[in-house]
Every structure is written in structure tokens, then in C-alpha cells.
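Take a look at the structure set out below.
The values are calculated or read from the model by the stated rules, or taken from the named source; none is laboratory data. Treat the numbers as computed from the prediction; the structure is a model and nothing was measured. Glycine gets a Cβ as well: all are built from the backbone with ideal geometry, and neighbour counts include every protein chain shown. Heads up: the accessible areas ignore ligands, DNA and RNA and are worked out on the full protein's heavy atoms, side chains in. Shrake-Rupley method; radii C 1.70, N 1.55, O 1.52, S 1.80 Å.
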Amino acid sequence: MVARLLDSEPEEAYQYSRIALRLASRVAAVREAAGFASYMTQRYSEALTEFRAARRMTGRVDLWPVMADCERGLGRPERALAMAGEPEVKQLDKAGQVEMRLVAAGARSDMEQFDAAVVTLQSPELASNSVQPWTARLRYAYAEALIAAGRADEARDWFVKATEADTEGSTNAAERLAEIDGLEFVDALDPELAEEEAELAAEEPAKRKGGGVPDEREIFEDEEDVEEFYDEDDVEIDEDFDGVVPERAADAK
């Protein structure tokens, strides 16, 4: 249940993780699941405790980057940077090392070392043209770091690259790119927008009726309407008119 609800209902997933901890706190998988549930609900102190417990039980290092990110969440970016330099990082697989680089760059940004954050993300993985599971997030983070460093022109190019790699929508690179280009997305299914359009549609007939210019298609129902609309001084009525337009009289005959 924690795994099922973690992305969509993190708070509910957290409640399930508390129950699991009461039932089986000595199971490493339970501690790890509880750690992620706490992490997703920004309970970073609890998350760090659970991740440390899971690591002690298993001896694995794959939780190292998320543990460092918990330090960031607790307002201790310098500790996250220190963890980025520990021997455990060399034991991580490629995905873990990229994740650690992202955390370290985030810590640099937390400390307002924006140029250093840009340098931290510059790596063979960033320069590679091959698309890996981490590619979109890495390019996106690099673009954001460039923005923070005042290099918006370069950032736009990297948002484009992030959008191309982000086939699953793991980032909002497309929205950030639109913001830079001055575009605005409108939700066509927005109830408020639909209500506004309905109000405008209802006002339009009233404007046509209440306007100062008469509608040429208006139908007068009696002679009084006709007399009110036409001025006898302006209109000459030919009482002998036989209904045939003069230039077409020959053809009519």
C-alpha cells in the first residue's frame, strides 16, 4: 500500500508506513518504505532515521543520495556536500552517482554558490547524447542552475534538451521553456474558464439587442414598427411599382 500510494497520496502512504513499522520494525524493507513515505511528506528527520536503519540492516549504499538530500531538507547543505565526498559514493552505480551529483548541486544552490552548482553538474553524463532514465532530470537541473547563475540564454537550450529527453513527464521542462519564451498554457478543461466562456456567450445576444446600431435582419411585426423605423421624408414609395427591377424588365418579359 505504501508503494501504491506513494506518488498519488503520499500522506496516506505515510500512515500505512507507520502501521507497518509497528508490525515489523526489524524488517529492512519496512524501514526503507517508511523512509520514503516520510521523505515524500517532507518529514526529513524521520526519513533520515529510517534510511540509516535500513542501511545498517542491509549494508547497502544505494540510499546514500536520498540520505544526503534529507540533510538538505533539514537545512544542512554543508553535510550533504560532505556526504558527496565520502567513499560510499564510489560504490554507487551510475544512476546513484548521477543522483548524488544532483543532490550536491542542489546543496551548492542552497548555499547560493550558483556557479559552483553549474560546475558540479557538468559531467560526461550531461554531455552524452544517449537518453538514460536520469537524462531529463540532469538536463533540467543544469538549466535551472544556469538560470540561477544568470545565464538564461544557455538555460533555454538545456530546457529544450530536457524536454526532448523527458518522454514520461518527469520534469516541467516544457512549462519552463514556455515561460522563457513568454507563452502561457491554458487548461481547456478548467471549470472556471468554461464558466467565463458561458457568461460571454450569454452576454453577446444582449449586446446585439441593446446596441445603438439596428440589426438588418430584424423583422418588424406590424406597420407601426415599420413607420417607426423609416422616416417618410427619407423614403419615397412608388405606388405604381410592379415588382420588376427596371434593368431586368426586358428579360422578365
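Do we find a residue being out of contact with any strand residue (DSSP E or B) (no Cβ under 9 Å at 6 or more places or on another chain) and under 28 Å from Thr49 (Cβ atoms) anywhere in region 137-160?
Yes, region 137-160 has at least one match.
Among the helices (runs of 4 or more DSSP H) confined wholly to region 14-132, which include 3 or more residues that are open to solvent by less than 30 Å² (accessible area, probe 1.4 Å) and closer than 20 Å to Trp158 by Cβ?
Filter on region 14-132 gives 94-110, 114-121.
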